[in-house]
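Here's the structure we're looking at; comments come further down.
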Ligand SMILES: Nc1ncnc2c1ncn2[C@@H]1O[C@H](COP(=O)(O)OP(=O)(O)OP(=O)(O)O)[C@@H](O)[C@H]1O
Ligand SMILES: [Mg+2]
Ligand SMILES: [Zn+2]
């Protein structure tokens, strides 16, 4: 027993931790513990899919909610990790923005939406949706890791990860932390969005993450009179891009005039909802 009363180094057990300067894991004990929790949590989840895009505002969160909704409706156990800490939207899209995450003895409890969809989101931590979250990258990543380590997801068939746009901190840290089944890439047919998708595809290659396919959102508009499809940016741009990189094209979602931020996924009748169902079917086949 040490007469200084200092704790033993938890790794080598031979010296007190303050004096142990040879042990390589010194100071990393907390991180290791979190990593162990994350692995254990993720071990109970069959498929882990991240939804990404090059540009912002192209419909990642809408598509994530749509896929989750359709998977859960078909009987799968689904969770969503809203990894957009600065701009969390998932609870709003799934009509549970008023609910707050609870803490139990075992850890954090996700908010539960329609068909049992479990949600971890920064939106469920803040007082009201118009409160800004002004955190720097490392704090955002640390919240995401806490969601992964301490959230009581239970057994899941799918964990969908809704990411902020681009190739910044969160996409990088998610690709490093979660052994992903694959990525779903969302793009609009506008030329800048298309251009930035190439960066995501190359990032996925570098990180050795499989791309399950590309979704084209806001691809066309259906005339309410004659039902003719109008393609404001031209038809086939995202499909072409998928072909260029030898990736699957998962489908086109129309610009839905009825969409109020929610209708796209909670109404089973809208054209976009029907397409989301088809896209979900293709993702299931790709697994
Ligand atoms: N197919 C669609 N038809 C009409 N509106 C849509 C469609 N898809 C998305 N929107 C709307 O466009 C806006 C942006 O969509 P969303 O938030 O899903 O994009 P995002 O890529 O997640 O954005 P961010 O990069 O900010 O996270 C939202 O107001 C959403 O309701
Ligand atoms: Mg979003
Ligand atoms: Zn018409």
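Residue 69 meets all of the listed conditions (1) modelled with pLDDT of 85 or more; (2) in a loop (DSSP other than H, G, I, E, B) but one, namely (2). Looking only at residues that are farther than 19 Å from residue 218 by Cα and without any contact (Cβ under 8 Å) to a residue 60 or more places away in the chain in the stretch 185-203, which one is surrounded by the fewest Cβ atoms within 10 Å (Cβ to Cβ)? Filtering first and then ranking leaves 202. Note on the stretch 72-87: residues that are crowded, with 22+ Cβ neighbours inside 10 Å, part of a loop (DSSP other than H, G, I, E, B) and more than 8 Å from ligand 2 (Cβ to nearest atom) total 2. Inside the stretch 154-182, residues that are in a loop (DSSP other than H, G, I, E, B) and either within 16 Å of ligand 3 (Cβ to nearest atom) or in contact with a helix residue (DSSP H, G or I) (Cβ under 6 Å, 6 or more places away or on another chain) (or both) make up a count of 3. Considered as a group, the residues in the stretch 89-134 that are part of a helix (DSSP H, G or I) and touching a residue at least 60 places away in the same chain (Cβ under 8 Å) include one that is nearest to ligand 3 (Cβ to nearest atom), and that residue is 93. Taken over the stretch 122-137, residues that are touching a helix residue (DSSP H, G or I) at 6+ places or on another chain (Cβ under 8 Å) and exposed (fewer than 15 other Cβ atoms within 10 Å of the Cβ) amount to 3. Can you confirm whether residue 234 is touching a residue at least 40 places away in the same chain (Cβ under 8 Å), closer than 30 Å to residue 105 by Cβ and either out of contact with any helix residue (DSSP H, G or I) (no Cβ under 7 Å at 6 or more places or on another chain) or assigned to a strand (DSSP E or B) (or both)? Spelling it out, it is not the case that residue 234 is touching a residue at least 40 places away in the same chain (Cβ under 8 Å), closer than 30 Å to residue 105 by Cβ and either out of contact with any helix residue (DSSP H, G or I) (no Cβ under 7 Å at 6 or more places or on another chain) or assigned to a strand (DSSP E or B) (or both). Within the stretch 221-241, the set of residues being farther than 12 Å from residue 189 by Cα and either surrounded by 13 or more Cβ atoms within 10 Å (Cβ to Cβ) or within 16 Å of ligand 2 (Cβ to nearest atom) (or both) comprises 221, 222, 229. Here is a check on your reading of the model: is residue 167 on the phi < 0 side of the Ramachandran plot and either modelled with pLDDT of 90 or more or within 16 Å of ligand 2 (Cβ to nearest atom) (or both)? Considered against the rule, which asks whether it is on the phi < 0 side of the Ramachandran plot and either modelled with pLDDT of 90 or more or within 16 Å of ligand 2 (Cβ to nearest atom) (or both), residue 167 comes out as yes. Does residue 149 meet the test of being farther than 24 Å from residue 286 by Cβ and touching a strand residue (DSSP E or B) at 6+ places or on another chain (Cβ under 7 Å)? Considered against the rule, which asks whether it is farther than 24 Å from residue 286 by Cβ and touching a strand residue (DSSP E or B) at 6+ places or on another chain (Cβ under 7 Å), residue 149 comes out as no. When 242, 276 are checked against the criterion of being modelled with pLDDT of 95 or more and in a helix (DSSP H, G or I), a single residue qualifies: 242. You will find that of 161, 211, the residue that is free of Cβ contacts under 8 Å to residues at least 40 places away in the same chain, surrounded by 15 or more Cβ atoms within 10 Å (Cβ to Cβ) and under 15 Å from the mean Cα position of the chain (by Cα) is 211 and no other.
The values are calculated or read from the model by the stated rules, or taken from the named source; none is laboratory data. As the structure is a computational prediction, the values presented were derived from the model and not from experiment. Using ideal geometry, Cβ is built from the backbone for each residue, glycine included, and neighbour counts are taken over all protein chains shown.
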